Amino acid sequence: MSDPYAFGFSKEEVEKLREKVFQLLEQKGVAIDHPAVVDLLKEAGAEVDAGSKRVRFPRRLLEKALEKAPRSLVLAGTEKAYDLRVPREDGTFHLRTGTGARSYLDPDNGQYRGVTIEDVAGWARLAGVLDQVSFPAFPFPTDVPVETADLYALRAMFQNSPKHIWIQPYSAKSVEYLVEMATVAAGDEAELRERPPVSFITCSLTPLEFKFMDVEIIFQCARRGIPLHACSLPSAGGTAPVTIPSVVLLSSAEIVAMAAMAEIIQAGSPVIATPLIFTMDMQTGRSLQSSPEAQRGAGLAVSFIKNAFGIPTHTYGSGSDSPDIDGQSMADRALLGSVVAMAGADILGGAGQLEVATTISPLQLVIDNEIAGMIRGIVSHANVDEETIAWNDLINTSSVGHFLETEHTLRHCREAFRPRTFYRQTREIWAKQGNKDLLARTMDVYRALREKARKRELAENTTREMDLIVETADSLLRK
């Protein structure tokens, strides 16, 4: 992996920004709408203004809290074979699918429509058989009760994915039921603490505020050892100042505040810093995730947090502002993924998403799987030793020699990434095979993967308990 300092901020600038993070949280603080957690923070030494719900963190309190945050963790799979170590041992990244989208591009007919619960199940199955996708998140099904859509979606994920699952709660009231379902999937509370098969996203309300739901997520997860993706979503020129270094500062301060809350609630809580950086288009007012400024901001935020605080990082590494699977989409996601991977992000999120994370496409997810494999090959560390520099072959080759038949070539010739959708044959061969473009080839691959993907067989009592949780939540939350 490349030197994270090489991306943008010097060591001196990192230290300056780090000081400003501590000053901002000590002097300005954050507003927290969660009385129980505010009381815990006050007891730990934070300064609390009860009238404004503003909490100010003394620097030493923040430093002590951050010291307790793990520098590595495991995102456990629903099945143990899919456990993920963060950071990855090879120094590259994990890939996560898009989350929360309500719209769907149907690969069979090209229709643009709302996500259904069956789409959620198919999304989980597809992610389960894509080799570069480390774990999935669920989109928002529009054909189930809105109050419990996250519970319906999580049940569908557990029924169809063997991998770790990222959870985005849709209401404060559903958090306890989502945790309960995760407990059922793990086996019991002790096993949930030992190997939580889920992790939760918790978000700031930029600038420098936290609503009850997101602090409740921190509270519930920290007490059980469930990993947290502490997420800040500033939009430069909108909810954040327009200059990118200020966006990085604000995002990092909000993430540090969330990490401190988690560690004060329970020391050793696994936290992954998740700066999702947007910029406002001043002509249209739209938030963009793939503008050059947003991409630069994401890379700088990842690099800064890793160097300043040492905790794992996660940001969008795929996705596009385009509403369709077109050339812009491919350029957006290739650039974004490369930038944040080279900046050192441990998790690249957003695979399969379009239109600023509001739409998902299975075909785009298949393509993103390939793009991730290529980016991984680009950013992988190149060891320098006698074998990798092929010293014996170089010193012994003749002036008219070649390396096609050497033992060294035979040992390493299968290491190159081989895509299934990107084409590498001649025009003549391409014409004989039907002149298929990228989307047509991807459709062939998608159909083959769909046939391969299968629903998981859960124990009958597990299915029954999950169903009961959804039924109970339906009866209580839909009033």
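The values are calculated or read from the model by the stated rules, or taken from the named source; none is laboratory data. Since we're looking at a predicted model, the values are computed, not measured. Ideal geometry is used to build each Cβ from the backbone, glycine not excepted, and the neighbour counts take in all protein chains shown.
Annotation note: Cβ proximity below 9 Å between a residue of segment 19-44 that is over 15 Å from A222 (Cβ atoms) and a residue that is of a type in the set (S, T, Y) and surrounded by fewer than 21 Cβ atoms within 10 Å (Cβ to Cβ) (sequence gap 6+ or interchain) occurs for A31/S52.
Taken over segment 390-402, the criterion of being part of a loop (DSSP other than H, G, I, E, B) and exposed (fewer than 12 other Cβ atoms within 10 Å of the Cβ) is satisfied by S398, S399, V400, G401, H402. Meeting the requirement of 3 or more residues that are under 29 Å from Q289 (Cβ atoms) and at pLDDT 95 or above, the helices (runs of 4 or more DSSP H) wholly within segment 155-244 are 175-186, 212-224. For segment 279-334, give me each residue that is of a type in the set (V, I, T), over 23 Å from L75 (Cβ atoms) and assigned to a loop (DSSP other than H, G, I, E, B). Passing the criteria: T284, I325.
In this structure, is V74 surrounded by fewer than 17 Cβ atoms within 10 Å (Cβ to Cβ), among the aliphatic types (A, V, I, L, M), under 16 Å from the mean Cα position of the chain (by Cα) and over 27 Å from I325 (Cβ atoms)? Criteria met by V74.
Among the residues of segment 347-372, those that are surrounded by fewer than 23 Cβ atoms within 10 Å (Cβ to Cβ) and out of contact with any Leu (no Cβ under 9 Å at 6 or more places or on another chain) comprise E355, T358, E370.
Once segment 330-346 is narrowed to residues that are in contact (Cβ under 8 Å) with a residue 24 or more places away in the chain and among the small types (G, A, S), the residue that is surrounded by the most Cβ atoms within 10 Å (Cβ to Cβ) is A345.
I want to confirm something. Restricting to segment 233-275 and keeping residues that are in contact with a Phe, Trp or Tyr (Cβ under 7 Å, 6 or more places away or on another chain) and of a type in the set (S, T, Y), which single residue is surrounded by the fewest Cβ atoms within 10 Å (Cβ to Cβ)? Of everything passing the filter in segment 233-275, S235 is surrounded by the fewest Cβ atoms within 10 Å (Cβ to Cβ).
A453 falls short on exactly one of the conditions (1) of a type outside the set (F, W, Y); (2) under 23 Å from V175 (Cα atoms); (3) at pLDDT below 95, and that condition is (2). Examine segment 79-95 for a residue that is of a type in the set (G, A, S) and in contact with a His (Cβ under 8 Å, 6 or more places away or on another chain), and state whether such a residue exists. Yes: segment 79-95 contains one or more residues that are of a type in the set (G, A, S) and in contact with a His (Cβ under 8 Å, 6 or more places away or on another chain). Can you find a residue that is of a type in the set (D, E), touching a Gly at 6+ places or on another chain (Cβ under 8 Å), without any contact (Cβ under 8 Å) to a residue 60 or more places away in the chain and in a loop (DSSP other than H, G, I, E, B) anywhere in segment 132-153? Yes, segment 132-153 contains a residue that is of a type in the set (D, E), touching a Gly at 6+ places or on another chain (Cβ under 8 Å), without any contact (Cβ under 8 Å) to a residue 60 or more places away in the chain and in a loop (DSSP other than H, G, I, E, B).
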